[in-house]
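Here the structure is laid out as structure tokens; the discussion comes afterwards.
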Amino acid sequence: MNIFMRHLLVAEMGQDQTKQQVEKGLKLYQANQTDKALHVWTKVLEKTSDPGGKFRVLGCLITAHSEMGKYKEMLKYALAQIDTAREMEDPDYLTEGYLNLARSNEKLCDFQKTVSYCKTCLNMQGTTVSLQLNGQVCLSMGNAFLGVSVFQKALESYEKALRYAHNNDDKMLESRVCCSLGNFYIQLKDYEKALFFPCKAAELVNDYGKGWSLKYRAMSQYHMSVAYRKLDRLPDAMECCEESMKIALQHGDRPLQALCLLNFADIHRCRNDVDKALPRYESSMCIMTEIGNRLGQTQVYLGVGKCWLQQKELDKALDALQRAQELSEALGTKLCSLKVHCLSEGIYRSKERQEELREQVVKFLQCVEELELYCGMCGESIGEKNQQLQALPCSHIFHLQCLQNNGSRGCPKCRRSSMKPGFV
């Protein structure tokens, strides 16, 4: 046997051993023995010289740390994975690596970087393997656009993700997109659609999810709970949130635990039970801070501010809202800023502090203008109260009633944007 063949045989044996160890870690992880799985994968990472094996084990570590809410560790492994993919010079590996970088930054609420990495993925000239990842790329991009309140681009990305899911018969991806669409319509206050989409996700889990992780059921239940709360169906909201929390606790899913605690607090606030709401906001904030979910922290501060408003503790409410505003500005989350200015305006009006009141009114109107949250047909606002909405194929959103009255004359926003000024 010549030297080349001997090296090749050793390399193949090494690859087989790496694959076996990766699969061993996966079985441990699926059996909820996370620490043991991480130990196995870390040892493989230290020993393997096979780039493909290294890439795979880094993917396992990225997924595990994502589900544990250890997003900074997730980003560290994603950066190592993209370096490995560059060494291999394979477009499929590069696409997956950039997708994991996008997801890591999405979890850390660095939404501009998320969009940038997603665009890199979509521009890669890979094979059909990487093309199958495009649905997940579009989902991550939609979540990032929603994070910075760019609603039309968010909806456009979600619709593309759904098309990829349908074309590839990917029910798991479809379920995830439905949960994100539920969150989308929560923000725009079409609570009927906000409930419809997570209910659809729950149906997909029931029909196709026998071998799926329970996290898919937990996420659909969580989003259903938020919609029920907005519809003032508080017993239903509590029941769904309790089921979601139960699964999150069983699987050590810290990010979902934080979201459930936030929703429990909101439910108690809706019941005017501030004494129960505030400790749950505090518990949610501890986890949100630990995992680095700054958008979640903003929502906690908004909830706390509303609690203090119910108690007529205006100075405490202003303090919470100020903290929410600082985070909103850092993240570029314009809708959160809009809510802060709206609530602050009411407080300063009660206090008869005219200068601060004027400042909040100006900032509120600036946010309204930047968000473009108005119906292009009637000119009235979108997202101010619970109303049925409808998007056209161009992803512009209108009041459903306005579209029904408009007939089939197309999108007035697109007609307006396509009109060019004439020459004088």
### Task
Compute the signed sum of charges (Lys and Arg +1, Asp and Glu -1) over the other residues within less than 12 Å, Cβ to Cβ, of ALA37.
+1
### Message
If you count only protein heavy atoms with a 1.4 Å probe, what accessible area per residue comes out for the chain, rounded to a whole Å²?
### Response
52
### Query
If we sort 103-110, 167-174 on the protection proxy, mean other Cβ atoms within 10 Å, highest first, what's the order?
103-110, 167-174
### Summary
With all protein chains in place and a 1.4 Å probe, ILE291 shows an accessible area in Å² (nearest 10) of 10
### Summary
From the cross-link list LYS113/LYS339; LYS24/LYS215; LYS316/LYS339; LYS107/LYS316, the entries with a Cα-Cα span beyond 23 Å are LYS113/LYS339; LYS107/LYS316
### Query
Any idea how far the Cα center of segment 201-249 sits from the one of segment 301-338, in Å?
27
### Summary
In terms of the charge dipole of the chain, which places +1 on Lys and Arg and -1 on Asp and Glu at the beta carbon, the residue among TRP308, ASN167, THR298 farthest towards the positive end is ASN167
### Query
Which value at 222 nm does the chain reach when only helices count, each DSSP H run of 4 or more adding -39,500 (n - 2.57), with the total divided by all residues and rounded to the nearest 500 deg cm²/dmol?
-26000 deg cm²/dmol
### Message
With N set to the number of residues, divide the alpha-carbon radius of gyration of segment 243-395 by 2.2 N^0.38 Å and report two decimals.
### Response
1.15
### Summary
Once the dipole of segment 164-314 is set up from charges on Cβ (+1 Lys and Arg, -1 Asp and Glu), the residue from the list TYR208, HIS268, HIS251 lying farthest towards its positive end is HIS268
### Task
Give, as a single signed number, the net charge of other residues whose beta carbon lies under 13 Å from the beta carbon of MET88, with Lys and Arg counted +1 and Asp and Glu -1.
-4
### Query
With the Cα gyration tensor of the chain giving a ≥ b ≥ c as the square roots of its eigenvalues, does the rule (a/c under 1.5 for rounded; else a/b larger than b/c for prolate; else oblate) give rounded, prolate or oblate?
prolate
### Query
In the Gaussian network model of the chain, springs joining C-alpha atoms below 10 Å, which of SER225, SER244, SER344 carries the largest mean-square fluctuation?
SER344
### Message
With a 1.4 Å probe and all protein chains kept in place, how do TYR117, TYR348 rank by accessible area, largest first?
### Response
TYR117, TYR348
### Task
Take segment 22-107, drop everything but the C-alpha atoms, weight them equally and run the Debye formula without solvent; then report log10 I(q)/I(0) at 0.23 Å⁻¹ to two decimals.
-1.10
### Query
In the structure displayed, which of LYS54/LYS153; LYS76/LYS189; LYS70/LYS363; LYS76/LYS230; LYS47/LYS72 lie more than 31 Å apart, Cα to Cα?
LYS54/LYS153; LYS76/LYS189; LYS70/LYS363; LYS76/LYS230
### Summary
In terms of the alpha carbon gyration tensor, root eigenvalues a ≥ b ≥ c, rounded if a/c is under 1.5 and otherwise prolate when a/b exceeds b/c or oblate, segment 149-276 is oblate
### Query
What residues have an amide H closer than 5 Å to that of GLY383, excluding those fewer than 5 places away on the same chain, when H is modeled at 1.01 Å from N in the peptide plane?
none
#### Entry: Within-12-Å neighbourhood charge of CYS118 [Cβ basis; K, R +1; D, E -1]
+4
### Spin-label model distance (nm) - ARG86 vs GLU384, 7 Å beyond Cα toward Cβ
5.1
## Note on the structure
Shape call for segment 154-226, from the Cα gyration tensor axes a ≥ b ≥ c (a/c under 1.5 means rounded, otherwise prolate when a/b beats b/c, else oblate), comes out oblate
### Query
For the chain, modelled as a GNM with alpha-carbon contacts under 10 angstrom, which of MET288, MET377, MET245 fluctuates the most?
MET377
#### Entry: Surface/4 estimate of mean projected area, convex hull on alpha-carbon atoms of segment 234-294, nm²
3.9
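The values are calculated or read from the model by the stated rules, or taken from the named source; none is laboratory data. Predicted model only: the values in this text are computed from it and were never measured. All Cβ positions, glycine included, derive from the backbone under ideal geometry; neighbour counts span all protein chains shown. Just so you know, the surface numbers come from the protein's heavy atoms only, side chains and all, with ligands and any DNA or RNA stripped out. Shrake-Rupley method; radii C 1.70, N 1.55, O 1.52, S 1.80 Å.
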